[in-house]
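Trainee: Let me begin by handing over the structure; questions about it come next.
The values are calculated or read from the model by the stated rules, or taken from the named source; none is laboratory data. These numbers come from a predicted model, not from an experiment. Cβ atoms come from the backbone with ideal geometry, glycine included; neighbour counts cover every protein chain shown. Surface areas here come from the heavy atoms of the whole protein model, side chains and all, with no ligands, DNA or RNA. Shrake-Rupley method; radii C 1.70, N 1.55, O 1.52, S 1.80 Å.
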Amino acid sequence: MMSHRMLGLFVGGAMMCPLSLSALTYTKEDSLKVVQLLDAGKKQTRGTNLTLFFAEQFIGVPYVASTLEVNPAEELVVNLRQLDCTTLIENVVALTLAVREEHPTFVSFCRNLEKIRYSGGQLNGYSSRNHYFSEWIASNERQGIVKEIKGEKSEGYRPFIAVQRLRLDYMSTHPGAYPMLKGKASEISRIRKNEQKLEGVSVRYVPLSLLDKGKGVLGAIHDGDILAIVTRKKGLDTSHLGLAVWQKGSLHLLNASSIHKKVVLESMTLSEYMKKHPSQLGVRVVRVI
């Protein structure tokens, strides 16, 4: 990868204005791919579900874990050649936001990627990244980018009838699992403070027991919604991410799969998929506004 402190480059034959970021890591292949995808997005007809459209463009891209952990210090990493479940979602959302602009560019994509990846929309070190998806949701709701779907109180919150009370401490209690936390007491302390901000917060989700139902029960979930799989694992909120796809009346998951080693639309239903993973309890649902 190439690392750039200030971005000003030719893409698609046009010189783009500099991007003021503390640090940016990308390759020419990444920048060209972004421009191609934005161009394709602009050509879609009115009413196209752009979130789902962009997600489908990544089907077949290799799954690679920890694609953001490639620098000694935190930088905005742009990598569309290798994806994990989180970076798939972030790239899709950044493309969706950028394509809505009159003249979307690689620069505007990067600005949107920074906005959604970091707390308050600004890169300020490793601890500013939205590491837990609950942080990601909260930050992007504050910025008016996404909305978490939770059901209506008057309807008994159906189908969001299950509640998770957040107890986040996995990163601060397992710093050895994170290269950028090893031996860095001050960084671990900042991560712990971020975890404590969400201590005791209750969130609603659709339990696994309802995910085999059709649109009559699950109609609040739309094609292209982000599905965050709630986990029973201690210290975590979610364990996997994907996007909702309705096929023949059943809900499926489009995801960057560590099992298939690539981005796939699962052939089995979401309910069938989750029953193979005993730690998975249900899904939170997040929609790009």
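Trainee: Are there any pairs with C-beta distances below 7 angstrom linking a residue in region 270-289 that is among the polar types (S, T, N, Q) to a residue that is part of a loop (DSSP other than H, G, I, E, B) and surrounded by 14 or more Cβ atoms within 10 Å (Cβ to Cβ), with the two at least 6 apart or on different chains, and if so which?
Mentor: If the second residue must be part of a loop (DSSP other than H, G, I, E, B) and surrounded by 14 or more Cβ atoms within 10 Å (Cβ to Cβ), the pairs left are 271/211; 271/212.
Trainee: Please find, within region 149-161, the residue that is least open to solvent (accessible area, probe 1.4 Å) out of those that are of a type outside the set (S, T, N, Q), over 14 Å from residue 228 (Cα atoms) and not in a loop (DSSP other than H, G, I, E, B).
Mentor: Of region 149-161, the ones of a type outside the set (S, T, N, Q) are 149-153, 155-161.
When the remaining residues are screened for being over 14 Å from residue 228 (Cα atoms), the result is 151-153, 155-159, 161.
Imposing the further condition that a residue be not in a loop (DSSP other than H, G, I, E, B) reduces the set to 153, 155.
On the way: 153: 155, 155: 116 Å².
The selected residue is 155.
Trainee: How many of the residues in region 50-61 are touching a residue at least 40 places away in the same chain (Cβ under 8 Å) and open to solvent by 60 Å² or more (accessible area, probe 1.4 Å)?
Mentor: Selection size over region 50-61: 2.
Trainee: Whether any residue in region 97-109 is among the small types (Gly, Ala, Ser) and either at positive phi or in contact (Cβ under 8 Å) with a residue 60 or more places away in the chain (or both) is what I want to check.
Mentor: Among the residues of region 97-109, at least one is among the small types (Gly, Ala, Ser) and either at positive phi or in contact (Cβ under 8 Å) with a residue 60 or more places away in the chain (or both), which makes the answer yes.
Trainee: Something else about it: So residue 130 fits all but one of (1) within 17 Å of residue 195 (Cβ to Cβ); (2) open to solvent by 40 Å² or more (accessible area, probe 1.4 Å); (3) among the polar types (S, T, N, Q); what number is the exception?
Mentor: Every condition holds for residue 130 apart from (2).
Trainee: Failed condition for residue 189, given (1) polar (S, T, N, Q); (2) in a strand (DSSP E or B); (3) more than 22 Å from the chain's Cα centre (by Cα), with all others met?
Mentor: Residue 189 satisfies all of (1) polar (S, T, N, Q); (2) in a strand (DSSP E or B); (3) more than 22 Å from the chain's Cα centre (by Cα) except (2).
Trainee: What number of residues within region 175-213 are of a type in the set (Phe, Trp, Tyr) and farther than 28 Å from residue 157 by Cβ?
Mentor: Restricting attention to region 175-213, the residues satisfying the condition of being of a type in the set (Phe, Trp, Tyr) are 178, 205.
If we keep only those that are farther than 28 Å from residue 157 by Cβ too, we end up with 178.
Residues meeting the conditions: 1.
Trainee: Another question, if that's okay. Do we have residue 40 as farther than 30 Å from residue 185 by Cβ and touching a Gly at 6+ places or on another chain (Cβ under 9 Å) here?
Mentor: So residue 40 fails the test.
Trainee: Looking at 260, 240, 252, 277, can you tell me which residue is surrounded by fewer than 17 Cβ atoms within 10 Å (Cβ to Cβ) and under 22 Å from residue 90 (Cβ atoms)?
Mentor: The match here is 260.
Trainee: Check residue 72 against each of (1) farther than 23 Å from residue 146 by Cα; (2) in contact with a Phe, Trp or Tyr (Cβ under 6 Å, 6 or more places away or on another chain) and name the one condition it does not meet.
Mentor: Single failed check for residue 72: (2).
Trainee: Could you tell me whether residue 146 is modelled with pLDDT of 95 or more, in contact with a Phe, Trp or Tyr (Cβ under 9 Å, 6 or more places away or on another chain), open to solvent by 70 Å² or more (accessible area, probe 1.4 Å) and more than 20 Å from residue 69 (Cβ to Cβ)?
Mentor: Against the criterion (modelled with pLDDT of 95 or more, in contact with a Phe, Trp or Tyr (Cβ under 9 Å, 6 or more places away or on another chain), open to solvent by 70 Å² or more (accessible area, probe 1.4 Å) and more than 20 Å from residue 69 (Cβ to Cβ)), residue 146 does not qualify.
Trainee: Could you give me the residue pairs with C-beta distances under 9 Å whose first residue belongs to region 140-151 and is over 13 Å from residue 119 (Cα atoms), whose second residue is surrounded by fewer than 14 Cβ atoms within 10 Å (Cβ to Cβ) and basic (Lys, Arg) wherever it lies, and which are 6+ apart or on separate chains?
Mentor: 151/158
Trainee: Looking only at region 81-98, how many residues end up being farther than 21 Å from residue 266 by Cβ and open to solvent by less than 10 Å² (accessible area, probe 1.4 Å)? Step through it out loud before you land on a result.
Mentor: Going through region 81-98, the residues farther than 21 Å from residue 266 by Cβ turn out to be 81, 94-98.
Next, from what is left, pick out any that are open to solvent by less than 10 Å² (accessible area, probe 1.4 Å): 94-96, 98.
Counting residues in region 81-98 that are farther than 21 Å from residue 266 by Cβ and open to solvent by less than 10 Å² (accessible area, probe 1.4 Å) gives 4.
Trainee: Next up: Determine, yes or no, whether residue 181 is within 30 Å of residue 222 (Cβ to Cβ) and either under 23 Å from the mean Cα position of the chain (by Cα) or at pLDDT 95 or above (or both).
Mentor: no
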